[in-house]
Amino acid sequence: MIFGIGCDLCAIPRMEKSLAGPHGAAFGRRVFGPEERLALGLDPEHPSPLTAHRIASAAADFAAKEAFLKAAGTGLAGPFSLSEIQAVRLDSGAPAYRFSGRTAAWVEERYLTAHLTLSHDGGVAMAVCLLEKMEASCIR
């Protein structure tokens, strides 16, 4: 059963400005989780230059967070922190959500599964989140 659907867009140049600006490191820590920071080259222990691909990926990851909040129906008024909502890539390359902290507890308490799709082109990144409520017979 569908619990909620969310969609969001993020302008890639806006993300570049946020990451490359004077407060870029603080922005990265506040918004992106550890796995995202590592993949995006924002981890201080393993820094990498901000390439066009990394900036587009960061914009898509940001859109994924906003899409999740819309699907959840709470916005940031809920028990969420943006860094607890991570958009990661599976070994296959497919995007997936990985939750931690209060966000993970919120998802588990509601028996939800989150599905994610991402894309970027023409200076814009987008994400769609589908939150699916597991049937009682599927819950262990």
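The values are calculated or read from the model by the stated rules, or taken from the named source; none is laboratory data. All values derive from a computational prediction rather than experimental measurement. Cβ placement follows ideal geometry from the backbone for every residue including glycine, while neighbour counts extend to all protein chains displayed. For accessibility, only protein heavy atoms count, side chains too; no ligands or nucleic acids. Shrake-Rupley method; radii C 1.70, N 1.55, O 1.52, S 1.80 Å.
Taking 7 Å along the Cα-to-C-beta vector as the label spot, tell me the residue 14-residue 110 distance in nanometres, rounded to one decimal.
2.4
Report the gain in length on full extension from residue 102 to residue 23: 0.36 nm times residue separation, minus Cα-Cα distance, nm rounded to one decimal. Numbers along the way, then the final one.
Details: separation 79, 0.36 × 79 = 28.44 nm, distance 2.59 nm.
Length gained between residue 102 and residue 23: 25.8 nm.
Under 28 Å Cα to Cα from residue 133, which lysines show up? Leave out anything in the same chain fewer than 8 places away.
Once the sequence-local lysines are set aside, what remains near residue 133 is 65, 70.
Under a 1.4 Å probe, what is the accessible area of the range 1-133 per residue, stated in Å²? Could the numbers behind the result be given before it?
On the way: 6960 Å² over 133 residues.
So the range 1-133 comes to 52 Å² accessible per residue, rounded to a whole number.
Output the peptides 107-113, 121-127, 62-68, 28-34 sorted from most to least packed, where packing is the average of other Cβ atoms within 10 Å over each peptide's residues. Before the final figure, lay out each step's value.
On the way: 107-113: 13.4, 121-127: 16.1, 62-68: 26.7, 28-34: 18.6.
Going from most to least packed, we get 62-68, 28-34, 121-127, 107-113.
Using a 1.4 Å probe on the protein heavy atoms, what percent of the accessible area of the chain belongs to carbon and sulfur? Don't skip to the end; give the middle numbers.
Working: 4370 of 7730 Å².
Of the solvent-accessible surface of the chain, carbon and sulfur hold 57 percent.
Charges only on Cβ, +1 for Lys and Arg, -1 for Asp and Glu: so what's the dipole of the range 28-140 about the Cα centre, in debye to the nearest 20? Walk me through the numbers before you get to the answer.
Working: 12 positive and 13 negative charges, 42 e Å.
That gives a dipole near 200 debye.
Straight-line reach only, C-alpha to C-alpha below 18 angstrom: list the lysines that residue 17 could link to, leaving out same-chain residues fewer than 8 apart.
none
Rounded to whole Å and sorted largest first, list the principal axis extents of the Cα atoms in the range 20-140.
48, 26, 25
Per DSSP H run of n ≥ 4, the term is -39500 (n - 2.57); total these for the chain, divide by its residue number, and report the mean residue ellipticity at 222 nm rounded to 500 deg cm²/dmol.
Details: 5 runs with 54 residues, N = 140.
That comes out to -11500 deg cm²/dmol.
At a Förster distance of 25 Å, what's the computed FRET efficiency of residue 89 paired with residue 45, Cβ-Cβ distance as r, to 0.05?
Working: r = 20 Å, r/R0 = 0.80.
So, using R0 = 25 Å, E works out to roughly 0.80.
Distance in nm between label sites at residue 76 and residue 53, each 7 Å beyond Cα in the beta-carbon direction?
Here the modelled spin labels are 3.1 nm apart.
Give the peptides 51-59, 70-78 in descending order of average Cβ contacts within 10 Å, highest first.
Ranked from most to least packed, the peptides come out as 51-59, 70-78.
Please work out the FRET efficiency for the pair residue 135 and residue 38, using the Cβ-Cβ distance as r and a Förster radius of 30 Å; give the result to the nearest 0.05.
Working: r = 35 Å, r/R0 = 1.17.
After rounding to 0.05, the efficiency reads 0.30.
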